Each structure stands twice: as structure tokens, then as C-alpha cells.
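The values are calculated or read from the model by the stated rules, or taken from the named source; none is laboratory data. This structure is a prediction, so every number in the text was calculated from the model and none was measured. Ideal geometry is used to build each Cβ from the backbone, glycine not excepted, and the neighbour counts take in all protein chains shown. Note: areas computed on protein heavy atoms with side chains; ligands, DNA, RNA excluded. Shrake-Rupley method; radii C 1.70, N 1.55, O 1.52, S 1.80 Å.
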Amino acid sequence: MKKYNHKKIEKKWQKYWEDNLELSQAQENSDKPKFYCLDMFPYPSGAGLHVGHVENYTATDIYSRFKRMNDFNVLHPIGWDAFGLPAENFAIKQGVHPDKSTHDNIKNFINQIKSIGISYDWSREIDTSSPEYYKWTQWFFLFLYKNGLAYKKKAKANWCESCKTVVANEQVVDGKCERCGGEIIQKDLEQWFFKITDFIEDFKGENGKEFSGLINGLDKIDWPNSTKISQKNWIGKSEGTIVSFEIKISNEKSATSLNVFTTRVDTIFGCTYVVLAPESSVTSNLKSVISNQKEVDEYIEATKKKTDLERMENKEKTGVEVKGVKAINPFNNEEVPIYIADYVIGSYGTGAVMAVPAHDERDFEFANNHNLLKKGVIIPSPIKSGLLIGDEIDNVNDSYKHFDDYANKKKDNIRKGIEIFVEDGTVIDSGEYSGLKSEEAREKMTAWLEKEGKGEMKVNYRLRDWLVSRQRYWGAPIPIIYCDKCGEVAVLEKDLPVMLPTDVDFKPTGESPLAISKSFHDVTCPLCGEKARRESDTMDTFVCSSWYYLRFADSQNKEEFASRENLEKWLPVDLYMGGAEHTVLHLLYARFFTKVLAKYGYINFDEPFLKLRHQGMIMAEDGRKMSKSLGNVVNPDDVVEGFGADALRIYEMFMGPIDEMKAWSMQNVNGPKNFLDKVWKIFNEKELIDCGGDCKDIPRELPVMLHKTIKKVTIDIESFNFNTAISQMMIFINEFGKHDKLPKFAMEKFLILLAPFAPHMAEEIWSSFAEATADKSDVEKYKQSIFLQKWPEFDEAMTKDEEVEMVVQVNGKIRDRIKINTEISEEEAKKIALESEKVKVYTEGKEIRKVIYVKGKLISIVVG
């Protein structure tokens, strides 16, 4: 038997696929149903392809090949997220221009991807750093700008000291830069923003069509539930009440008041202090009357060094009292102290909160740190059994006698602030609202505030507009011109792209390198013709990736980012796959771009990715995350060299469920390699009988095994259970390997099942049939790629077991397990069970009161 030479055979078929691109290209003119399968395109880093990429790309390659063989017109493209900080930082370390290093990296990525046999449509390849692409990124900026969705303002921004640029809130992780891990500080800068907040709720398009917003749209797409929850939490919708507190200075009421936002106005009688965000304008308005102004100013300055995320997540609740002023509770006219504390964020709500430490965890911690009063006004609602015992009552204050001792102790502990209770319940010690349930109290209290002109119902969101300015070189220039006469002016569409200049030192300094380019700023105002200056900031790389999936529909179009005809033909994406780390970055931004285009009539859908799947992280053999510094990174090139691309593909799919974290084991790669060796051996050593599907001399269990395997592999590919599909194919090979003569039709169908997983070996074996076949029509079939064959169908009747094991119980205890024919009647099954010798031990001499039959599973006998 000739040995399987993976190096020679894999290169052979990779060249064949490159010479026959129609095997992987989407067809523009086809009557077949379309299927758009997309990977999150990679940053072409200097490290090259890693085994996590291989996992992602192999999964979508299997699925794409499977869909093509099921007669779908499949679009499975690839491109490069080439702009941005990772590429630029790599170039700086290497001491080369990012244009050179990025494109050198892309060449390496392409070679690696082709070496593992991924069937991408290379005719649609895109590169976000090419002028042909970023021309349209700039077009999108202008599109947003002209529709009032892009604006510039001075704002506090997250500044990375290491990267020397602004980063968005979504790119700050635990107070560090998501890109480099560097320290984040706060800076006041003029920055460009996109109005993503305009699309949180449902909206109407210009044509009157209703579209789903960022929240409700999640309910109609097939995404992992954890990803949906994360996006909803990041958007952070909260419905509550604005309450106006008057401010008292010394012994007189001030003309100044402060508004707080609360989702729990039902707790307002338990308010014991008010907290302002350090950036609140209220304190600056009261400077002349604050008696400890120096202490307040010092605290405000110290807070500026912290990011919003650090402040929200900080366990130590710090703050200072604003002395000389008090806040007056509008419900009971009670005076409470005012504090400044960094756990309150100026950009959320009103930048002020009423603190109820008995019913809020953050307030409780702050009150403990500052020895402040805690007053409970909500207790668990009385119930007939459970925490509080007693009859349902209307007035808790007058009916404490209905509670047992435990309930009274619980109530007293909450009232005194010894215990914290954060749930809805029943209101106490709150005047006319006492005895009401929390929900009812909120409604009545809010209504009173609105009637008195002291508050209103309000909806707030955590999500802020997307900050897109970057003070770096390697990005798409922002297409805005500043003219002394005309002000801020959009670049004309005919003048796009605004090209990146080359006469600059691209190393970061804290100011955009574009600011010092003479050629870049040699521009006149498009309105008045006077000398003007370009915007020198570049765009966040996430702007480039927020629309790339649209470009793949028409990647060579020079007149539009994509024609409406092609957008309608290919979009939305049917299957999208990539890491969960982009949940509140790319995935949220791409949804925003899609909704903007839907609103203005460019597309007729409002969600870009109908089905989303995440791959689990592959850990190193030592159980840690793969890292160059730890020396535990697995290079897929080494695995391809030693074991072959098909073995690598099957190993990564066989490691476990695609969405779970898994540890790499080089030793375990031998398992898939041995499986493929068995496949090769069977096809080269066994006698394949060409009996046209009617093989009378072949044991019946073989066709049964074939149909079970077709069904299992088909269902498992559809559900992304690749590991169990491979397991079933291993079972098939082990069973067929026991026989010397095998039906050729069954082996051909198996080979088609194997092909998406191990494309090189499948092509090689398939083509070898041509030499051993006399029939000319069959020869032509075998000379074609195996991927032009139709996916095999299974006979449902052949997949059913002829016998099943039934559990037999007597009075609820298992007494026997019997095998019976699946077609047997209920009466026959009961008779067999009752005649079982093991069962008779427990039934003889006793009255059989009932026999319960559950087909295919259980016979339960009840005796007296």
C-alpha cells in the first residue's frame, strides 16, 4: 500500500483549488439560494496565524463546503482589518513603515490560510488600509456627518499614555488599555463622536418602515444568549424618576436646585444624603458658600485621574461632604447632607443620586465608610409562608402584630439600617405611601412629583455616543476641512479618498502625526477657495470593520460602497463566527451602522448577522493562555508540517464543543492522524464492490451504519457539533474496517461526508477512483472535484434501531432490562416483561394492579 504523503498531496490539491477558483467563488448569476458565511476578519499581526484562527476558520470552512454540496450559492470571503493600533505598534517595534509591515504580514497570513485548505472566495479579498477601501470608510463618515450623526465636541476622554491616543469606553478593560494594557487617564479634548445613542430604541425609516433598535433587535436574531445579555447590560436601559431637591444654604433656601435620577423613588423616605458626581456643575455654582472648598477641589482633581469604568467598579467608596449646604427632600422636607463621590458618574442620569443606604449596595458601603445614617423604608412583602409569615395586609405600620417574631426582627433590622434590602417589597415609614407595594408606590410618588412640578418619569441609558477620533497615524483620515471663513466643512465626495500622507514620522507623540504633514494640509476650502487646514485625527479602526461585511457583496465596485442590487442579493449575513471579546465593540458598532443604513433606505434589513457563533479559546498545554512571553504558543505551521493540514483541522474540531475553552495537546493530535491513516488504509486495501446500491452479499449492518452516519453528520454540521460528527465517522470506519469487502456506493458517500473536514485526503481518494473505473461517465465524475458532488441523503427508516432496550420496573424499582423489536405492539411488550424471570420474582403471588407502557423506554408494573 502506498503511504499517504500529506506534504505532497496537500500541496497538490491546494494548487488545484487555486487553479479552479470557481469551486469556492460565489456566483453572481445563479438560481441557487444564497448563503453568506463570514468570519470576523483578522488583524494581520506579525505573530501570524494562531491555532485559535484555525479553529474559527476550519469551522466555517466545513460549514461553507457543506452548504455548497447542498446546492447553495455560498459567499465565504476573507479580508484584512489592517488599520489601527495593533498594526501600527508592531511596525514601530520593527522599525518599519506600517504599510510595509502590514502587507508583509498579510502575505504570511494568506500562505498559512491556504496551507490548511480554507475555501475562501479570494476574488473578493479586501484590505481596510487600501485607499480603494478607506475611500468608502470616509464616505460613511460624511454620510453620518451630513445626517447629523457625526459631531465634534470637547469632552473628557480615556487617554492611553502608552499608545498616546484616545480610546473608547468599550476599549478600556479594568482601567487599562484593551490594546496594550497601558494606564488610562482622563483628558479634556476636542473629539469626534458618532450618535449611536439615537438607535437604542426602535425607529422609523425615511420611507415610514418600522425598524428594531439596538435593544429590541436582539430578540429576533440567533445569537448566544450571553452575548445578547452583555449588549443589553452595556446599553444599560433603566426606567426611573427625576426628583428635584432644593438646596439650603445656611438657614435659607437657595434658588439653586439639583435633580437626581433614581429607579427606586419608592425608597425616597429612606434618603439620608445626596451624592454629586465630581464633575457636576452644581458644586461650581455653589463655590462662594462651600466652607471646605479646598478639600472639595482636591477630591475633584484626584478623581480626574480615574476612568469612568474604574470609578464604577471601585470597591472602596471614597468621597467628601460639601459643607455649608444641604439638600431638601421634596416629600418630607427633611434636610440631608450633600457629598461628592466618584462612584457617581456625571454622564449617567443627572450626575446626582439620592442615597438610600438601607436599599442600595453602593450607598450602603459609602455610608459605612463615612458613618452615615441608614434608614430602612422597604421590607419584604408579607406572605403566608416563607420569609415573613402572616395574613396579606394593607397597612404594615398598623399591623405588625400579624408578623411572627422573626418577621419583626427582620423588619427592625432593615428599619435601623443594620440589614440591607435591595428588592421590591412593601413600603413603611413613608407617610401616606406606607403599606403600598414598591411598584404602586413608584407610580403614585412619580405622579405627585409631576403634579407639584418637582420631577418626572425618565428613561436613561448607560451607553454613550461612540468616540471615533484617534491621535495616531495608521488609520483612515477624517474627511473634514477647517476654514477660517467657513468653519467646519465636509470634504466633497468627488475628492475622496483623503489619502494618508507619507511625509511624516508615524511614531506617537500625543498629537496626530498628520498634524505636521505639509502635503496633507496643502488644501483649500471647497466652499470659498481660501487656504484651509484638514482634520488631523484618524478614525478608530472599528469604523473600518463596522461595514466591511457590506463591501464583500460588491468588493470591486468603484462607484459605490456596494450596489443596492448586490446588497439585497447577499445580505444580511446568514452565519457569522468570531470571538466573544467583540460583544460591545465590533458587534455593537456593526449593528449601529446597519440601522443607520436601514433608516436612510440603503438596505431593507436592520440586523447585519442573523446567526452568530463564538469559538472557545484554545489554551496552551500548561492550561494557561498562549503567550509569546510564556513560550507556550503553538504555531499551526509546525502542526501542518508534522501531521498534515487535515489532521490539524480534524483535531481542532474534535477537541470538544466549538464554543468551549479547550487545552491544546500535541500528543492528542495523533488521534485524528491515526483516524485518517485508517481511512487511507481502508480505501487502499479493502475490496470495494460496485453493486449499484443493491449489495445482497454485504452484511445488513453496513448500510444501516451508513445511513445513521449520514444522518448524524448532517445534523451535527447544521448544529455546529463538529466533534460528535467526527466521532460518528470514526465509528463508521471502525465498523467497516472489520470487513474485507465493502460496498463502493457506501464508501463514496462516506468520503463525501469526510470531505469538508479533510478536503485534501478526500480529493485524493476521490480522484483515484477514476483509474479503477471502466464506465466513462463515472470516470468523468471522478475527474471532477469531490466538492461538486451532492451531499448524500439518508433513509430515515434505515436509521431506526430494530431493537431497543426497555427498562422494566416493579413498584418503581428497576428489576430487568429487556430488548424488544421496535415494531412490537404494546400488549406484546407487556407480555414479554411479565414473563421475565427476573420480574416474576417480584410479581408472583401478587395482584398486578397496573402496567404502564412508555414506548421504546419503560414498562412499569404496579403490584399490590
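Observations
- Potential extension, ASN408-ASN147 segment - 0.36 nm per residue separation minus Cα distance: 87.9 nm
- Of the solvent-accessible surface of segment 437-498, computed with a 1.4 Å probe and all protein chains present, 47% belongs to carbon and sulfur.
- Mean Cβ count within 10 Å, highest first, over the residues of peptides 220-229, 529-538: 529-538, 220-229
- Placing one equal scatterer on every Cα of segment 709-772 and applying the Debye formula, the log10 ratio I(q)/I(0) at q = 0.15, 0.16, 0.24, 0.28 Å⁻¹ is -0.48, -0.55, -1.10, -1.29.
- For the set ASP188, ASP775, the ranking by accessible area, highest first and with no ligand, DNA or RNA atoms included, is ASP188, ASP775 under a 1.4 Å probe.
- Evaluated at q = 0.08, 0.09, 0.10 Å⁻¹, the base-10 log of the normalised Debye intensity for the chain, with identical point scatterers placed on the Cα atoms, takes the values -0.94, -1.07, -1.17.
- Remark: segment 633-643, residue by residue, has Karplus-estimated 3J(HN,Hα) of 7, 9, 8, x, 4, 5, 5, 4, 5, x, 10 Hz, where x stands for each Gly or Pro and the curve is 6.51 cos²θ - 1.76 cosθ + 1.60 at θ = phi - 60°.
- Distance (nanometres) between label positions extended 7 Å along Cα→Cβ at LYS220 and ASN635: 4.9 nm
- Expressed in Å, the radius of gyration and Dmax of the Cα atoms of segment 481-555 are 14.6, 42.
- Across the accessible surface of segment 26-107, with the other protein chains kept in place and a 1.4 Å probe, carbon and sulfur atoms take up 51 percent.
- Ordered by 1.4 Å accessible area with all protein chains kept, ARG564, ARG613 run largest first as ARG564, ARG613.
- Potential lengthening between LYS204 and GLU452 on full extension [0.36 nm per residue; Cα-Cα distance subtracted]: 85.8 nm
- With Cα atoms, 0 to 90° folded angle of helix 405-415 axis to the chain main axis: 60 degrees
- Under 18 Å from the SER719 label point (7 Å along Cα→beta-carbon), backbone N, segment 601-630: 612-614
- Label sites at ASP71 and ASP690, each approximated as a point 7 angstrom past Cα along Cα to Cβ, lie 2.6 nm apart.
- Cα-Cα pairs of segment 218-369 separated by more than 18 Å (percent): 59 percent
- Extent of segment 807-864 along its three principal axes (Cα atoms, max minus min coordinate, largest first): 31, 18, 17 Å.
- Between segment 512-564 and segment 259-333, the alpha-carbon center distance in angstrom: 43 Å
- Rule-of-thumb Rg ratio for segment 109-213 [Cα; 2.2 N^0.38 Å; N residues]: 1.48
- Cα principal axis extents for segment 9-89, largest first, Å: 46, 31, 21
- Rg and Dmax, both from the Cα atoms of segment 1-149 and both in Å, are 18.1, 71.
- Where only alpha carbons of segment 449-516 are counted, the Rg and the Dmax (Å): 20.7, 65
- Heavy-atom accessible surface of segment 300-381: percent carbon and sulfur, 1.4 Å: 46 percent
- Cα-based Rg of segment 632-760 normalised by 2.2 N^0.38 Å, two decimals: 1.12
- Ellipsoid fit via the Cα gyration tensor, segment 540-698: semi-axes of 41, 27, 14 Å, each the root of five times an eigenvalue, largest first.
- Percentage relative contact order, the chain, counting C-alpha pairs under 8 Å, at least six apart: 14 percent
- Residue-level accessible surface for ASP778, protein heavy atoms, 1.4 Å, Å²: 40 Å²
- Potential extension, TYR853-LYS107 segment - 0.36 nm per residue separation minus Cα distance: 262.0 nm
- Acute angle (nearest 10 degrees) that the helix 225-235 long axis makes with the longest principal axis of the chain, alpha-carbon atoms: 20 degrees
- 222 nm mean residue ellipticity, helices alone, for the chain (DSSP H n ≥ 4; -39,500 (n - 2.57); rounded to 500): -10000 deg cm²/dmol
- Whole-Hz ³J(HN,Hα) from phi, Karplus 6.51 cos²θ - 1.76 cosθ + 1.60, for segment 319-326, glycine and proline x: x, 9, 6, 8, 7, x, 9, 9
- Segment 63-91-segment 104-158 distance, computed between alpha-carbon centres (Å): 12 Å
- Accessible area in square angstrom per residue, the chain, 1.4 angstrom probe: 45 Å²
- Alpha-carbon spread of segment 580-644, three principal axes, descending order, Å: 52, 26, 17
- Tilt relative to the chain, helix 670-685 - C-alpha long axis, 0 to 90 degrees, to 10: 30 degrees
- Heavy atoms of TYR151: accessible area, 1.4 Å probe, square angstrom to 10: 50 Å²
- By the equivalent-ellipsoid construction on the alpha carbon gyration tensor, segment 245-303 comes out with semi-axes of 22, 16, 10 Å, ordered largest to smallest.
- Sequence ranges 9-20, 423-434, ranked by mean other-Cβ count within 10 angstrom, highest first: 423-434, 9-20
- Once all protein chains are placed together, LYS187 keeps about 70 Å² accessible to a 1.4 angstrom probe.
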